[in-house]
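> Quick one: the structure is below, questions incoming.
Where a number appears in this text, it was derived from the coordinates with a stated rule and is not lab data. Keep in mind that this is a model prediction, so the values were computed, not measured. Cβ: placed from backbone, ideal geometry, glycine included. Neighbour counts: every protein chain shown.
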Amino acid sequence: MSTITESILHAFADGQLGDADRVRVEAHLAHDAEAAERVRAWREQNEALRALYNPVLNEPVPQRLLGARAPRARWPQLALAAGALGLSFGLGWMVRAHQPDRAMEIAALPRSAAIAYAVYAPEVRHPVEVAADQQDHLVKWLSKRLGRDLKVPVLTQQGFELVGGRLLPGGKGPVAQFMYQDTKGQRITLYVSRRDEPRDTAFRFSQEDKIAVFYWIDGTLGYALSAEMDRARLLTVASAVYRQLNP
């Protein structure tokens, strides 16, 4: 494996390499940041695709098919029919897999939230556009821009107070960012984006460089809580946010 090709990287991302080849690729990625980032993105996309389509595997077989039995004499004809049916299902899955990149959108949510956190969390003088002392105005303004009724979680019991919020550009329209801070200056941001089609996803975790992100989608809104802190501590805060937004 003197040359690490794109197909080898894909096989590595999919977990299809043997131990020896996997070790060689890992050594290569340790010195090739660009390739390592591509592999990370592929794996994230794989997880998003699994989250989207794994539930189909658990769908029950229709009762009318469970009782179906075919005469032996008709096997040639059935083989042709099965081939046609398989092609039909295959085309159907291809269409579903190429529907408006929903998996990509979900995978992009924690990345976008982490970038927004990295840009604004370090700000000293202008971390937010509208401060917490104008919370009612802030919520009404951002709700109007996103076209959704937004809620601002209260995180006092977790040691964080609202600093304020701002409007950000997103891939599919405006995005809201709410910022919180504790007594030591540690900041957390809640990134809220609008979705075109209602859906729900499970509570998920992503590590974007030094930034930890818990994210999920509820109906037509995507949420991502970001901070530079360990996963366990952020989980405590994220759980409180999730419970308040999803009572």
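> Quote the FRET efficiency, to the nearest 0.05, computed for Arg43 versus Ala202 with a Förster distance R0 of 25 Å and r equal to the Cβ-Cβ distance. Don't skip to the end; give the middle numbers.
On the way: r = 17 Å, r/R0 = 0.69.
Using R0 = 25 Å, I get an efficiency of 0.90.
> Now for a separate question. Among 108-114, 158-164, how do they line up by average Cβ neighbours within 10 Å per residue, starting with the highest?
Working: 108-114: 23.3, 158-164: 17.9.
For the peptides 108-114, 158-164, the packing ranking is 108-114, 158-164.
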